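Undergrad: Shown below is the structure under consideration.
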Amino acid sequence: MKVTNAEFVKSAFALEHLPQDGRREIAFLGRSNVGKSSLLNSLLGRKGLARTSNTPGRTQSINFFLVNERFYFVDLPGYGYAKVSKSMRQDWGKMAEEYLNDRKELSLFVQLIDARHEPTELDLQLRDWLSHHGKNTVVVATKADKLSSNQLTKSLHQIRSHFGSIPVIAYSSETGKGRDELWKAIGTALA
Ligand code: GTP
Ligand code: MG
């Protein structure tokens, strides 16, 4: 897909503040610091559109980016940082969970996993939640540039073993690796 226009529209801190125009949405989900905002910028080819940082927990609100005036990319707060707690509900905030649960406009859930590590307990909880609710999901293994090609092959194999039939795409926001493949999946979800 050719990105002709990408703009930040709003940060929602409450469910009443979500866009009301009925356009479809692609959500980016994953633990804090996994690379959600970087992935979004890389896909859009707009450095700095979504804020990135070395400080985990940078993204606190649900942030909407309008693409080609046609659909939204949605940058969510990362889970697994704010509190030491077992339950994703407590860790992650009620608003994000309600948004993911109820939002009719959501066409694709992009779950990010750090390619360098095994999925965490919270990653697996999110996987189970998405599959239980029958959500259309694709997994992105982030920071692929930090691994050798051998390590990456191993890591993808391991991640895939946790995700069954869900597609897993290796991605690097530094090099753009995986960009075309992920856009294809997004295009299919929107078609
Ligand atoms: P929160 O908003 O805190 O949940 O984090 P996030 O998931 O949005 O992560 P963010 O995009 O802010 O990236 C976190 C850090 O990882 C930043 O220092 C990024 O530069 C770095 N990073 C993200 N993606 C990549 C990647 O593909 N390769 C490399 N080498 N670094 C990356
Ligand atoms: Mg972020």
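The values are calculated or read from the model by the stated rules, or taken from the named source; none is laboratory data. Because the structure is predicted, anything quoted here is derived from the model rather than measured. A quick note on method: Cβ atoms are made from the backbone with ideal geometry, for glycine too, and the neighbour counts reach across all protein chains shown. Only protein heavy atoms, including side chains, enter the accessible area calculation; ligands, DNA and RNA are left aside. Shrake-Rupley method; radii C 1.70, N 1.55, O 1.52, S 1.80 Å.
Undergrad: Can you give me the convex hull volume of the Cα atoms of the chain, divided per residue and expressed in Å³?
TA: 111
Undergrad: Sticking with this structure for a sec: Roll a 1.4 angstrom probe over the protein heavy atoms and tell me the percent of accessible area of the chain that is carbon or sulfur.
TA: After summing per-atom areas, the C and S share lands at 47 percent.
Undergrad: Which value, in debye to the nearest 20, gives the size of the charge dipole of the stretch 7-190 about its Cα centre, when Lys and Arg are +1 and Asp and Glu are -1 at the Cβ?
TA: Taking the Cα centre of the stretch 7-190 as origin, the dipole is about 300 debye.
Undergrad: Here's a follow-up. Mind telling me which of 114, 180, 75 comes out most flexible in a GNM of the chain, alpha-carbon contacts under 10 Å?
TA: Of the options given, 180 has the highest mean-square fluctuation.
Undergrad: Report the residue, chosen from 164, 30, 78, that carries the largest GNM mean-square fluctuation when the chain is represented by alpha-carbon nodes joined by springs under 10 Å.
TA: 164
Undergrad: In the Gaussian network model of the chain, springs joining C-alpha atoms below 10 Å, which of 117, 133, 157 carries the largest mean-square fluctuation?
TA: 133
Undergrad: Taking amide hydrogens as modeled 1.01 Å from N in the peptide plane, which residues meet the under 5 Å criterion relative to residue 79, leaving out close sequence neighbours?
TA: Close amide H contacts, sequence-distant or interchain: 30, 31, 32.
Undergrad: I want the antiparallel fraction of DSSP beta bridges within the chain, as a percent rounded to 5.
TA: 35
Undergrad: How large is the accessible surface per residue of the stretch 7-190, computed with a 1.4 Å probe and reported in Å² as a whole number?
TA: Result: 50 Å² of accessible area for each residue.
Undergrad: What percentages make up the Cα-Cα pair-distance distribution of the stretch 133-188 when the bins are 5 Å wide from 0?
TA: So the P(r) values, bin by bin, are 4, 19, 28, 25, 17, 6, 1, 0.
Undergrad: Moving to a separate point now. Report the one residue of 136, 126, 50 whose Cα lies farthest in the direction of the positive end of the charge dipole of the stretch 7-190 (charges on C-beta: Lys and Arg +1, Asp and Glu -1; origin at the Cα centre).
TA: Farthest towards the positive pole: 50.
Undergrad: How long is the gain from residue 104 to residue 146 if the chain were fully straight, where each residue apart is worth 0.36 nm and the alpha carbon distance is subtracted?
TA: Extra length from residue 104 to residue 146 when fully extended: 11.5 nm.
Undergrad: What is the extension gain from residue 124 to residue 69, computed as 0.36 nm multiplied by their sequence separation minus the C-alpha to C-alpha distance, in nm to one decimal?
TA: 16.4 nm is the gain from fully extending residue 124 to residue 69.
Undergrad: In the stretch 1-80, what % of DSSP beta bridges are antiparallel (nearest 5)?
TA: The antiparallel fraction comes to roughly 65 percent.
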